[in-house]
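Written out below as structure tokens is the structure these notes cover.
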Amino acid sequence: MEPALKILPDVSGEIAGRSLEEWNAAYVKVENYFHALRIRNKPLLGQLVLRVLERAQRRAPAERSRSATELAAEEMDKLVTAWFAEVLQTSPTGTDQMLSTRGRLALLLADMPGKWQDQFLRPGPWPSEFVESMRESFFRAGPDFQLSKMVPRPLDLGPITTLTNFGNLPYVRMALVWLGFALLLIAIFWLTHGGFEQVQAQLLDVIDWFKQNV
């Protein structure tokens, strides 16, 4: 008989040679994984997490260099992959990663969380409709299946973009600076060589015209 999950720490304050903080971190890791598979039933979620941690605790004393989170993550993947192999009647040998990935996708395509959440990680036999839906979704999620992605594309602003890029050219900016400087020199020359007097005379003429006509 397999040993039951040890919840309380021993006299050293540890469980299976690991601190409570480590097991708390492992619990959160496994719980988040099942959340990602959209397992929302609280009693079922708690049972599944404790089931994984129990398997990790059995390995912990012999693998002192591994953290509780690492052990729990490995046992979680092994448990889920083995269950996929049973439901889908597919051998996990040599294809664990592919089976795990396609199996998780098949769960979502078959809407397991919405229709058959209570069947997740349960031993068979399973409802025939569930098995058929899982197998059909598994083949749909084959190696050629690809998730569509929105690839960012540059925003085309038409002529505005052309003008913006034109202003970024170093020669254009230099020419604009020199043009502005030349216009400034022309304005100074004009004002210092009678231009100011011409403007003043024109203003006086306008004022006189207003006095005569108003």
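Kindly establish whether residue 113 is modelled with pLDDT under 90 and not in a helix (DSSP H, G or I). Criteria not met by residue 113. From the list 54, 21, the one residue that fits, being acidic (Asp, Glu), assigned to a helix (DSSP H, G or I), at pLDDT 90 or above and surrounded by 15 or more Cβ atoms within 10 Å (Cβ to Cβ), is 54. Restricting attention to segment 28-53, the residues being touching a residue at least 40 places away in the same chain (Cβ under 8 Å) and of a type outside the set (D, E, K, R) number 9. Contact annotation: residue pairs with Cβ atoms under 7 Å, 6 or more positions apart or on different chains, pairing a residue in segment 122-137 that is part of a loop (DSSP other than H, G, I, E, B) with a partner that is of a type in the set (D, E, K, R) and surrounded by 11 or more Cβ atoms within 10 Å (Cβ to Cβ), are 124/86.
The values are calculated or read from the model by the stated rules, or taken from the named source; none is laboratory data. Owing to the predicted nature of the structure, the values given are computational and were not obtained by experimental measurement. Cβ sites come from the backbone with ideal geometry, for glycine too, and all protein chains shown count toward neighbours.
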